[in-house]
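The values are calculated or read from the model by the stated rules, or taken from the named source; none is laboratory data. Keep in mind that this is a model prediction, so the values were computed, not measured. Backbone-built Cβ (ideal geometry, glycine too); neighbour counts: all protein chains shown.
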Amino acid sequence: MEIEKIYPPYIYSVKYDGEDINEFERLFEDWRNLDEVIDFLKKYENYLKSQVWSAVSEPEAAAFQVLEEADNLEILFRKLYFNAKEESKPDFDSYFKYLDGKYKFEYEYVPMKSYGTECPSLIRLYAIKMGNNRYIIVGGGIKLCKKIQDSPYLKDHIFPNIDKVRAWLKNNGIYEEDEFIN
């Protein structure tokens with residue numbers, strides 16, 4: 001596992017062993033692959049029929065929302081980066097929210113979540129908070145249910161990824177960004 005710079009010294013991303021790119025880059029590539037997003041949403045079309053997603057209940061419409069959210073999220077991240085540099089708001093701390101549930105009482109390597117730019121948002125990024133405005137992206141995806149545990153793909157990847165990265169950071173005694181950047 002490696003930690004790669006995205007918007008240093010604020011945003012970093014995990015590159016898992018055996019992967020060609022880090023999670024941040026992988027997610028944006030995945031969200032922009034319209035054919036794969038449509039295939040994913042067709043496979044889980046029944047989730048789009050819930051009341052939460054009634055505005056985008058068709059896979060094609062939802063796929064275009066994912067694409068739009070990804071584009072808007074990338075623009076937002078650049079804005080948050082410049083705001084963090086200038087010590088103005090909103091910044092990354094304003095944007096990321098605590099991931100409750102399993103991690104509600106964690107105070108070290110705190111798991112966080114972020115949403116896309118639409119309401120309701122179909123995309124999520126998950127990160128570990130390393131300090132003020134300092135985050136390591138560990139994964140994400142398209143969220144089709146209220147809970148991660150019920151959402152296809154996320155239920156099998158997010159908690160294991162968070163736990164794996166938290167354990168790796170702890171085992172390597174990494175508490176600050178200068179300890180994982182070469």
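Picking from residues in region 24-38 that are of a type in the set (D, E, K, R) and in contact with a helix residue (DSSP H, G or I) (Cβ under 8 Å, 6 or more places away or on another chain), the one that is nearest to GLU74 (Cα to Cα) is ARG32.
Yes or no, residue by residue, for (1) touching a Pro at 6+ places or on another chain (Cβ under 9 Å); (2) part of a helix (DSSP H, G or I):
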| residue | (1), (2) |
| --- | --- |
| ALA61 | no, yes |
| TYR107 | no, no |
| PRO120 | no, no |
| ALA127 | yes, no |
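Looking at ILE142, ILE136, ILE162, ILE128, can you tell me which residue is of a type outside the set (Lys, Arg), within 22 Å of ALA61 (Cα to Cα), within 15 Å of the chain's Cα centre (by Cα) and modelled with pLDDT of 85 or more? The conditions single out ILE142. Within region 109-118, the set of residues being without any contact (Cβ under 8 Å) to a residue 40 or more places away in the chain and under 21 Å from TYR175 (Cα atoms) comprises VAL110, MET112, LYS113. When region 5-25 is filtered for residues that are under 17 Å from TRP168 (Cα atoms) and not in a loop (DSSP other than H, G, I, E, B), the ones remaining, listed by number, are TYR12, SER13, VAL14, LYS15, GLU23. Against the definition (farther than 22 Å from ALA63 by Cα, surrounded by fewer than 16 Cβ atoms within 10 Å (Cβ to Cβ) and of a type in the set (S, T, N, Q)), how does ASN172 come out, yes or no? Here the answer is yes, as ASN172 does meet what is asked.
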